[in-house]
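Heads up: the structure comes next, in structure tokens.
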Amino acid sequence: MQDPGPASALIGMGANLGDAAATLRSALNGLARLPGCRLLRASGLWSSAPLDADGPEYCNAVAELHSELAPLELLDRLQQLEQLHGRVRPPGVRNAPRTLDLDLLCFGDARIDLARLSLPHPRMHERAFVLAPLAELHPDWQLPDGEPIAAAVQRLRAAGQQVRRLGALTAR
């Protein structure tokens, strides 16, 4: 894989165990301190029911970074942040409740299809909890298939995915 060079990276953030809002604030602080990265902005804090899983409601947000790191190096740093916040990945269990989930959604215009990383994120178009906060940051953005983000959020809400904005998410 060729390094695409410095780029804007979009990071999906979620948590539904413990004080999820506080965890996302702490994770945002961690993103702001990543070597080779600069936090550009973050969406507000959103709430959503678990999708394809059980457990408490999630708190979600999207952060945008300028990254000098290669995509896989950034992914490694995101997973280190998850571990620092107590993230456990039970073998064979998908969509388990979690203390922190950080998903690399996009890295500039990079298209990557590896076992560890697919970009753009292959399921973000199916998730209102990703698209609603992302629409705050980029209201004119289009999904990779060309669908406007606002239309995608409406489509997912009409299909039963409810998300609500809780307030600001700011790094301290």
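Give the relative contact order (percent, whole number) for the chain; include only Cα pairs under 8 Å separated by 6+ residues.
Working: 332 pairs, mean separation 54.0, N = 172.
It comes to 31 percent, rounded to a whole number.
Quick one: 3J(HN,Hα) in Hz for region 72-78, Karplus 6.51/-1.76/1.60 with θ = phi - 60°, rounded, Gly and Pro as x.
Calculated HN-Hα couplings, in order: 5, 5, 5, 4, 4, 5, 5 Hz.
Which three numbers, in whole Å and largest first, are the semi-axes of the equivalent ellipsoid of region 40-110 derived from its Cα gyration tensor as √(5λ)? Walk me through the intermediate numbers first.
Working: eigenvalues 104, 53, 24 Å².
Listed largest to smallest, the semi-axes of region 40-110 are 23, 16, 11 Å.
So what's the back-of-envelope 222 nm ellipticity for the chain, counting only DSSP H runs of four-plus at -39500 (n - 2.57) apiece and dividing by all residues, rounded to 500? Before the final figure, lay out the partial values.
Numbers: 4 runs with 47 residues, N = 172.
Mean residue ellipticity, 222 nm, calculated: -8500 deg cm²/dmol.
Starting from the amide H of Leu119, placed 1.01 Å from N in the peptide plane, find each other amide H under 5 Å away whose residue is 5 or more places distant or on another chain.
For Leu119, the qualifying residues are Ile112, Asp113, Leu114.
Percent of Cα-Cα pairs more than 22 Å apart in the chain, please.
Working: 5848 of 14706 pairs.
It works out to 40 percent of all Cα pairs.
Explain nothing, just the number: dipole magnitude of the chain about its Cα centre with +1 on each Lys and Arg Cβ and -1 on each Asp and Glu Cβ, in debye rounded to the nearest 20. Write down the numbers at each step before the final one.
Values: 18 positive and 19 negative charges, 91 e Å.
Roughly 440 debye for the chain.
List Leu119, Leu114, Leu104, Leu131 from most exposed to least, where exposure is judged by having the fewest other Cβ atoms within 10 Å. Kindly include the intermediate steps, with their values, before the conclusion.
Details: Leu119 22, Leu114 11, Leu104 25, Leu131 28.
Fewest to most other Cβ atoms nearby, the residues stand as Leu114, Leu119, Leu104, Leu131.
If each residue's Cβ is checked for other Cβ atoms within 10 Å, how do His85, His66 rank with the fewest at the top? Write down the numbers at each step before the final one.
Values: His85 20, His66 13.
The most exposed by this proxy come first: His66, His85.
Sort Glu57, Glu126 by Cβ crowding within 10 Å, fewest neighbours at the top. Please report the intermediate quantities before stating the final value.
On the way: Glu57 13, Glu126 16.
So the residues, fewest neighbours to most, are Glu57, Glu126.
Of Pro148, Met124, His138, which is farthest along the charge dipole of region 72-172 in the positive direction, counting Lys and Arg as +1 and Asp and Glu as -1 at C-beta?
The listed residue farthest towards the positive side: Met124.
With θ set to phi - 60° and the Karplus curve 6.51 cos²θ - 1.76 cosθ + 1.60, what are the ³J(HN,Hα) couplings of region 26-31 in order, to the nearest whole Hz, using x for Gly and Pro?
Per-residue couplings from phi come out as 5, 5, 4, 4, x, 4 Hz.
Quick note: the coordinates plus some simple rules give every number you see, no bench work behind them. Owing to the predicted nature of the structure, the values given are computational and were not obtained by experimental measurement. FYI the Cβ positions are ideal-geometry reconstructions off the backbone, even for glycines, and counts take in every protein chain you see.
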